[in-house]
Structures are given as structure tokens and as C-alpha cells.
Amino acid sequence: MTTDLGLAGFRYPDPATPGRVWTLQYLFAPIPGRALSGVRAKLVDDKGYVTFCNQRDLEILLGVGQPGELCYWADKEYPEIGEGDWYGFCVDEEDLADDLHERELRLRQQFPGILPPHLEIVRRIHDGGADAEELNLLLWDMDKRTGLGPDTRLETIDCRWVRVERKPLKWRYADPWIP
């Protein structure tokens, strides 16, 4: 994770879903080898759905870059929102690993030492216009190679947790108390 550069709390109304507002929580370091480099912003909406946005697209949302202008650090033009090379709000497995690791670290505040097996994390995810809810289960809190624990490394998060279920949701109807 990197510093939030004063952007934490920035709110952006979702242009595709009236009533949905995204709030920037954190900035994560770039991932080497990605086609579009730069920091990654983690955003959460009012219902707890999580998504990510790459730096170039975030600069458009912030008004730092304008469609058609050159994004100097990426050496590409800024795209129109929703057109062509626009990625917008989406997640991939690396983003999900960062999110799961962050949630695991919060659990470690509640459970000092080794985390008990079979802990569950339920999270809602927004990926490119599709919403889903997934259940993740902690298998063990040890390095599977050495047997030592607790294992707090991001690199081994997939050895500790397993995705048990992912089911699609419609944002509008995800909470019965919200019309």
C-alpha cells in the first residue's frame, strides 16, 4: 500500500448506476508487468462493494486529465469514460489478493497470534459493471512449506485462503431495504 496522497474520501457518483457513489479508500502500489502501470485506487460504495481503478482512469475522474489529452507517464491519450481503452472500475486476481490481505490484517487485530481455521470473509465485488458476492474461507495460518505461523505475507495469501463461492448480485436489489 502507498500513501493516499490526500485522496482518501474522494467521492465519485457512478455514471452507469444512479444513486451509487464510490469512495476512494486507499492507493496501492503499481504491479510490475501490467499493461497499464501506475498506482491502483481501491474504492468502496455505500453498500460495501469493492472495486479498483487504475491511475490513468482515476486521473480522468479527478479532473487531472481530460479525454484526448496525452497522459505523459503512460505515453497514451486519456480515453473517454466508457469508450475504447477505458477500464474504469474493475478488479483482477491481484486486486482481490490485495483486498483479501487488507481484510486479513484487520482480522489479525481481533485475533492475536495465529488466526483460527475456518474464519470466513464475505465480500461484495464490482467488476466492470457486474456485481458479485463471494465467500472466502481460511484454511490455515501457516507457511505450507515450513509449517511456521502466523503467515502474514501477501505472496502466500492464496495458500491460506480459498474462494468457496461467488454468486452474481444485482446492486439495486442486493439490500432489500434499499429501493
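What follows is calculated from the coordinates using simple rules that are stated; it is not laboratory data. The structure presented is a predicted model; accordingly, all values stated were derived computationally and were not measured. Don't worry about glycine lacking a Cβ; one is built from the backbone with ideal geometry, like all the others, and counts go over all protein chains shown.
Within the straight-line cut-off of under 19 Å between alpha carbons, the aspartates and glutamates reachable from Lys76 are Asp57, Glu59, Asp85, sequence neighbours fewer than 8 places apart in one chain being disregarded.
Equivalent ellipsoid semi-axes for the chain, as square roots of 5 times the alpha carbon gyration tensor eigenvalues: give them largest first, rounded to whole Å. Write out the running numbers ahead of the final one.
Values: eigenvalues 189, 86, 37 Å².
The equivalent ellipsoid of the chain has semi-axes of 31, 21, 14 Å.
Taking the Cα centre of the chain as origin, work out the dipole magnitude from +1 charges on Lys and Arg Cβ and -1 charges on Asp and Glu Cβ, in debye rounded to 20.
Working: 22 positive and 32 negative charges, 117 e Å.
Magnitude of the dipole: close to 560 debye.
Spacing of the modelled spin labels on Val21 and Val64, each 7 Å from Cα toward Cβ, amounts to 2.3 nm. Between the range 32-53 and the range 90-109, the C-alpha centres lie 12 angstrom from each other.
Available extension along the chain between Phe111 and Ala29 is 26.8 nm, counting 0.36 nm per residue and deducting the alpha carbon span.
Just need the relative contact order of the range 21-162 here, percent rounded to a whole number, with Cα pairs under 8 Å and 6+ apart.
Reported as a whole number, the value is 16 percent.
When a footprinting reagent is the concern and you count Cβ atoms within 10 Å, what order do Cys90, Cys71, Cys53 take, fewest first? Kindly include the intermediate steps, with their values, before the conclusion.
Numbers: Cys90 17, Cys71 20, Cys53 24.
By the 10 Å Cβ count, ascending, the order reads Cys90, Cys71, Cys53.
Distance between the 7 Å Cα→Cβ label points at Ile81 and Glu102: 2.1 nm.
Considering Cα pairs under 8 angstrom that are at least six residues apart, work out the relative contact order of the range 93-173 and quote it in whole percent. Before the final figure, lay out the partial values.
Working: 113 pairs, mean separation 24.0, N = 81.
This gives 30 percent for the range 93-173.
Rounded to the nearest 10 degrees, the inclination of helix 93-110 to the longest alpha-carbon principal axis of the chain is 50 degrees. In the range 57-146, which chymotrypsin sites (Phe, Trp or Tyr not before Pro) fall in coil by DSSP and have 11 or fewer other Cβ atoms within 10 Å? Those that pass, being in a loop and sparsely packed, are Tyr72, Trp73.
Other residues lying with their Cβ under 13 Å from the Cβ of Asp151 contribute a combined charge of 0, Lys and Arg counting +1, Asp and Glu -1.
Could you calculate the FRET efficiency of Arg153 with Asp46 from 1/(1 + (r/R0)^6), where r is the beta carbon distance between them and R0 is 22 Å, rounded to 0.05? Please report the intermediate quantities before stating the final value.
Numbers: r = 32 Å, r/R0 = 1.47.
Result of the calculation: an efficiency of 0.10.
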